[in-house]
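These notes concern the structure reproduced below.
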Amino acid sequence: MQEPVASHHRQELIEQHTMDNPRRYAHPVIKAALLTLAASFTLAGCVSTLPPEGQKKVEPEIFEQKNLEIAHGFLQQGYPQRAISRLEEILKVNRQSARTYGMLGVVYQSQGEYDLAEKNFVRSLDIDSDASDVRNNFGVLLYTTGKYDQARKQFELATDDIYYDNRSRAFENLGFVSLQTGDREEARQLFKRALRLDQNLVRASLELTDMFHEDGNFVESERYFQNYQRLTQNSRPSPRALLLGIELARVFRQENRLADYADQLTRFYPGSAEYRKYQASLRND
């Protein structure tokens, strides 16, 4: 996903799902085997799926699926042009592959080719209007290019699909659109809706931490911050999260916790705006 931001100091990104594209609507024979294959695919396995001359041709659905997986592997490892080449091989066989156009949209967006990305997302949805994963990804592109009303429409259509695996993420993305367009209360409700569907949403948890902190509702802010901590315990917190942790630790007079967050902010983000704000707060104490 390219780096759209929410509003003013909020630096969390709305989310795109490249993983949806290789797996969605998989051929029934191989669908179960795809749960982890795309994520674990390595370049060492990028062998040709074209059959040797004289051998039986690969079934079109399997040919498409395998090349989608390979293209996804190339994209994940930083080879978008190789991904495009694989996707074009599919289109030589099937010009009506909605999934292929959808993934081309993601690849072109990763290259900053926004016009080409939009063209391919639109083509994918023309073929399969029920592809909620493509709608979500198209919404991310529209958000990135500042087309917030159009992005909202795509995210709303994705949230209408109760069978969409990442429906919670679409609600979360809608929340960022609302923040960007100045409707803070609507954003709050959308983030809460997203978390009701899936409690494992890092960005919604942090946004609600910040919102309730700004409102002076420190109990609710702390509740969402604890969820954020649970989800990020094996990764480095953002400077924004560390500053919020410092401020909440002050409110609840938790000196050890405050010292820990302050140490991390100092060591990991000494050049950040959050660190400067923390230093200024020390001078004002």
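The values are calculated or read from the model by the stated rules, or taken from the named source; none is laboratory data. Quick caveat: nothing in here was measured; it's all calculated off a predicted structure. Neighbour counts run over all protein chains shown; Cβ positions are idealised from the backbone, glycine included.
Scanning segment 75-131 for residues that are closer than 26 Å to Glu59 by Cα and basic (Lys, Arg), which turns out nearest to the chain's Cα centre (by Cα)?
Selected residue: Arg99.
For segment 239-262, enumerate the residues that are within 29 Å of the chain's Cα centre (by Cα) and either of a type in the set (Phe, Trp, Tyr) or farther than 17 Å from Tyr228 by Cβ (or both).
Hits for segment 239-262 are Tyr261, Ala262.
Give all pairs with beta carbons closer than 9 Å in which a residue from segment 153-165 that is closer than 12 Å to Val134 by Cα meets a residue that is modelled with pLDDT under 95 and not aliphatic (A, V, I, L, M); count only pairs at least 6 apart in sequence or on separate chains.
Partner pairs satisfying both residue conditions: Tyr164/Asp20.
Does segment 64-100 hold any residues that are touching a Leu at 6+ places or on another chain (Cβ under 9 Å), more than 16 Å from Asp133 (Cβ to Cβ) and not in a helix (DSSP H, G or I), and which are they?
Gln77, Tyr79
Quickly run through segment 157-195 and pick out the residues that are among the acidic types (Asp, Glu) and within 28 Å of His213 (Cα to Cα).
Correct list: Glu172, Asp183, Glu185, Glu186.
Of a type in the set (Val, Ile, Thr) and farther than 30 Å from Gly271 by Cβ, is that true of Thr209?
Considered against the rule, which asks whether it is of a type in the set (Val, Ile, Thr) and farther than 30 Å from Gly271 by Cβ, Thr209 comes out as no.
Scan segment 108-131 for residues that are without any contact (Cβ under 8 Å) to a residue 40 or more places away in the chain, part of a helix (DSSP H, G or I) and among the hydroxyl-bearing types (Ser, Thr, Tyr) and jot them down.
If the condition is that a residue be without any contact (Cβ under 8 Å) to a residue 40 or more places away in the chain, part of a helix (DSSP H, G or I) and among the hydroxyl-bearing types (Ser, Thr, Tyr), then Tyr108, Tyr114, Ser124 are the ones that fit.
Determine which member of the set Asp210, Asp260, Asp285, Asp215 is out of contact with any Asp or Glu (no Cβ under 9 Å at 6 or more places or on another chain) and in contact (Cβ under 8 Å) with a residue 60 or more places away in the chain.
Asp210
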